[in-house]
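Structure record follows, encoded as structure tokens.
The values are calculated or read from the model by the stated rules, or taken from the named source; none is laboratory data. Source: prediction; values computed, not measured. Cβ sites come from the backbone with ideal geometry, for glycine too, and all protein chains shown count toward neighbours. For the accessible areas, the whole protein counts, side chains as well, though only heavy atoms, and no ligand, DNA or RNA atoms are used. Shrake-Rupley method; radii C 1.70, N 1.55, O 1.52, S 1.80 Å.
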Amino acid sequence: MALEKINQVNDIKEIPPEEYDTLAAEIREFLVGKISESGGHLASNLGVVELTMALHLCFDLPEDKVIWDVGHQSYTHKLLTGRKAGFDKLRKYGGMSGFPKRKESDCDCFDTGHSSTSISAGIGLVGARDLLGRDEHIVSVIGDGALTGGMAYEALNNASQLKTNFIIVLNDNHMSIAENVGGMSEYLNELRTNEVYTSFKTGVEQSLNRIPGGNHLANQLKRTKSGIKQLLIPGMLFENMGITYLGPVDGHDIQKLLDVFRKAKRVKGAVLVHVLTKKGKGYAPAERHPARFHGAEPFDIDTGLPKNKRKKANYQDVFSTCMVKLGQRNEKVVAITAAMPDGTGLKRFKNIYPDRFFDVGIAEGHAVTFAAGLAAGGVKPIFAVYSSFLQRAYDQILHDVCIQNLPVVFAVDRAGLVGSDGETHQGIFDLSYLSSIPNMQIMAPKNKWELSDMLKFAVKFDGPIALRYPRGEAYDGLKEFRKAIAYGKSEMLYEEEDIAILAVGSMVKTAETVRKNLKQIGYSCTLVNGRFIKPVDTEVIGELAKEHRLLVTMEENVRSGGYGEKVRDYVQEQDLPVKVLNIAVPDEYVEHGNVAFLYEELGIDAESVTKRIIERYVTMK
């Protein structure tokens, strides 16, 4: 077994070339087996097995540095750096992350998790290397999907000025999470399929090398701006930017990869190696459905079907159904996604209203300003986006949407704790960063019916408005409470005295259990569904302060800048005769792990909250 020989970094260099294919097959079998149990990013990792092997064969880690854009495709890299045992606790609390982590290994030189960052980070590492007089190689691996992100082009522009070696590996598998869109995708497709160019280039070089002095002429042709590439592929983007282009090369042929990487190491400046790979390679279900196996739940290996079948609709399903209905009723409603039509629930809208659906690629900043333009033009844009990805567009929200008070709806998906993807993906900051922006309104539904009601309200609202909801199964409790949505107003669920809980969004479900716990041991407790995080319902706070001694706020967001802080500030400003206890996520990054377990660790589960309320209430007597 070739994989058994890999126990630490650079062990792969001891594997004989005739065993490379065997090792690649064993790595794929290992990954399929482990991810079928734990869940994780499968298709992307199966596609880069040979590419990763070639990088580890050609470069010397940890001295040489490899930055993985996003990093969800780094599983083979982790295997080849001695972390085989870590896959037993992959993406579990206290276990190995599904992304590169510097604290996990010296071979992980830069933490990643979001798209289009690797080239910028790589240039920084090149600058540090040159400044300190070192000579290690720096390699940034970026996917073709990530090249739809504007940050990648800012970095490419910067890279073109380099005079020392910097290697960019373009892992081109035709995909990001969904199928790629836009001009760059079309451009790369031309490069992939232009056999005339590839065969002609090879033929000319071979012919010149056979004649006296031909080597010099071949090198001159390679260097000139009006060389072979410009003759056959007009506007050769990377070369015209001043970046040497090598490829395309078969990303599943290790020998060809080794040859091109050796050439790349000799370039004095930035060089882009264009590698063609197949997402999901080696496992038929992932090859057929790469998007479904992007972030897979535990699955049956034989069929590829999930082991845990969903019985109830999740919030994305509810959003999907509501979007279709809104599209039927209002022809001005349009939907926007940043390469996530499946994950956000917009696929049905896309299929029914293709002319009103826009996938802008992995470009959240552009998506927001694009939405602002649509709104300024008289239509009603709804941008569905994960909370952690919306962070990338803060300036555009502030500058292009909110200053102009444009009616853009932000459907903020995966708000709160998302679990196994960890720090880079937890949606625990949106209430804070969105509420800091003037003109922005923020709502959070307590259950699936309120999500529908709030989305309808948002479409009618004349200004920027965000609707944030969690990942996973949509809560169907409290259905007897469905008071019409009124701007800035909360909803009274149970009215008593002494203790009042004001909860928002996903925490209303938890607060309902907390109230039951308190009632069982003799405490009187009011429960309010906050609904609006901005503006806060100050009227209800004032009324509660008259009959209650303790106000408890509950939110699935960091404490700083959140809902609870706003309630507390109002109580202090008005000098209201009531104490405030804020229940929120601590102001820290939250690692990967099961969401229910993370609730307990952070002290925001029902039992922990009940205990904290009793402790605080007792000290007030």
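It is to be established whether one or more residues within segment 491-501 are of a type in the set (Gly, Ala, Ser), modelled with pLDDT of 95 or more, surrounded by 16 or more Cβ atoms within 10 Å (Cβ to Cβ) and over 26 Å from the mean Cα position of the chain (by Cα).
yes
For first residues located in segment 8-31 and on the phi < 0 side of the Ramachandran plot, partners that are assigned to a helix (DSSP H, G or I) and open to solvent by 40 Å² or more (accessible area, probe 1.4 Å) and lie 6+ apart or on another chain with Cβ distances below 8 Å form the pairs ASP11/LYS5; GLU14/LYS5; ILE15/LYS5; PRO17/GLN255; PHE30/LYS84. Of the residues making up segment 270-289, those that are in a strand (DSSP E or B) and in contact with a Phe, Trp or Tyr (Cβ under 8 Å, 6 or more places away or on another chain) are ALA270, VAL271, LEU272, VAL273, HIS274. Of all residue pairs spaced 6 or more apart or on separate chains, those with beta-carbon atoms under 8 Å, a first member in segment 130-142 that is at pLDDT 95 or above and of a type in the set (D, E, K, R) and a second member that is assigned to a loop (DSSP other than H, G, I, E, B) and surrounded by 16 or more Cβ atoms within 10 Å (Cβ to Cβ) are GLU136/ASP64. Does LEU61 satisfy the condition of being assigned to a loop (DSSP other than H, G, I, E, B), at pLDDT 95 or above and crowded, with 20+ Cβ neighbours inside 10 Å? Yes. Scanning segment 290-303 for residues that are closer than 14 Å to HIS41 by Cα and part of a loop (DSSP other than H, G, I, E, B) yields a total of 8.
Return yes when PHE293 is closer than 25 Å to LYS163 by Cβ and open to solvent by less than 10 Å² (accessible area, probe 1.4 Å) and no when it is not. For PHE293, the condition - closer than 25 Å to LYS163 by Cβ and open to solvent by less than 10 Å² (accessible area, probe 1.4 Å) - is not met. Could you please let me know if ALA393 is modelled with pLDDT of 95 or more, open to solvent by less than 20 Å² (accessible area, probe 1.4 Å), among the hydrophobic types (A, V, I, L, M, F, W, C) and within 21 Å of ASP462 (Cβ to Cβ)? The answer is no for ALA393.
Restricting attention to segment 96-150 and to residues that are among the basic types (Lys, Arg) and assigned to a loop (DSSP other than H, G, I, E, B), the residue that is surrounded by the fewest Cβ atoms within 10 Å (Cβ to Cβ) turns out to be LYS103.
Residue count for segment 304-320 under the criterion of being over 25 Å from ARG288 (Cα atoms) and surrounded by 17 or more Cβ atoms within 10 Å (Cβ to Cβ): the result is 3.
Entry remark, segment 84-93: residues being open to solvent by less than 60 Å² (accessible area, probe 1.4 Å) and under 15 Å from VAL590 (Cβ atoms) number 1 in total. Selection of segment 242-269 for residues being open to solvent by less than 40 Å² (accessible area, probe 1.4 Å), without any contact (Cβ under 8 Å) to a residue 40 or more places away in the chain and either in a helix (DSSP H, G or I) or hydrophobic (A, V, I, L, M, F, W, C) (or both) yields LEU246, VAL249, VAL260.
For ARG348, the conditions (1) more than 21 Å from VAL418 (Cα to Cα); (2) of a type outside the set (Phe, Trp, Tyr); (3) crowded, with 21+ Cβ neighbours inside 10 Å all hold with the exception of (3).
The set of residues from segment 423-450 being more than 18 Å from the chain's Cα centre (by Cα), assigned to a loop (DSSP other than H, G, I, E, B) and over 23 Å from ASP476 (Cβ atoms) comprises SER436, ILE437, PRO438, ASN439, MET440.
The residue of segment 604-620 that is farthest from VAL580 (Cα to Cα), among those that are under 33 Å from the mean Cα position of the chain (by Cα), in a helix (DSSP H, G or I) and aliphatic (A, V, I, L, M), is ALA606.
When segment 298-345 is filtered for residues that are more than 20 Å from SER420 (Cβ to Cβ) and among the aromatic types (Phe, Trp, Tyr), only PHE319 remains. Within segment 343-355, which residues are in contact (Cβ under 8 Å) with a residue 60 or more places away in the chain and either in a helix (DSSP H, G or I) or β-branched (Val, Ile, Thr) (or both)? Within segment 343-355, THR344 is the sole residue that qualifies.
Would you check which residues across segment 356-387 are part of a loop (DSSP other than H, G, I, E, B), open to solvent by 20 Å² or more (accessible area, probe 1.4 Å) and farther than 19 Å from LEU467 by Cα and list them?
VAL360, ILE362, GLY377, GLY378
Note on segment 401-453: residues that are open to solvent by less than 30 Å² (accessible area, probe 1.4 Å) and more than 30 Å from SER97 (Cα to Cα) total 18.
Filtering segment 472-487 to residues that are more than 17 Å from VAL528 (Cβ to Cβ) and assigned to a loop (DSSP other than H, G, I, E, B) leaves GLY472, ALA474, ASP476, LYS479. In segment 276-290, the residues that are aromatic (Phe, Trp, Tyr) reach residues that are part of a helix (DSSP H, G or I) and surrounded by fewer than 24 Cβ atoms within 10 Å (Cβ to Cβ) with C-beta atoms within less than 8 angstrom, at least six apart or across chains, in these pairs: TYR283/ARG28; TYR283/VAL32.
Residue-wise test of (1) without any contact (Cβ under 8 Å) to a residue 40 or more places away in the chain; (2) over 25 Å from PRO470 (Cα atoms); (3) of a type in the set (Asp, Glu); (4) not in a loop (DSSP other than H, G, I, E, B).
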| site | (1), (2), (3), (4) |
| --- | --- |
| MET323 | no, no, no, yes |
| GLY327 | yes, no, no, yes |
| GLU331 | yes, yes, yes, no |
| PRO341 | no, no, no, no |
| PHE389 | no, no, no, yes |
| ASP395 | yes, no, yes, yes |
| VAL401 | no, no, no, yes |
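Run down ASN517, ASN529 and say which single residue is closer than 22 Å to LEU467 by Cα and of a type in the set (S, T, N, Q). After applying the criteria, what remains is ASN529.
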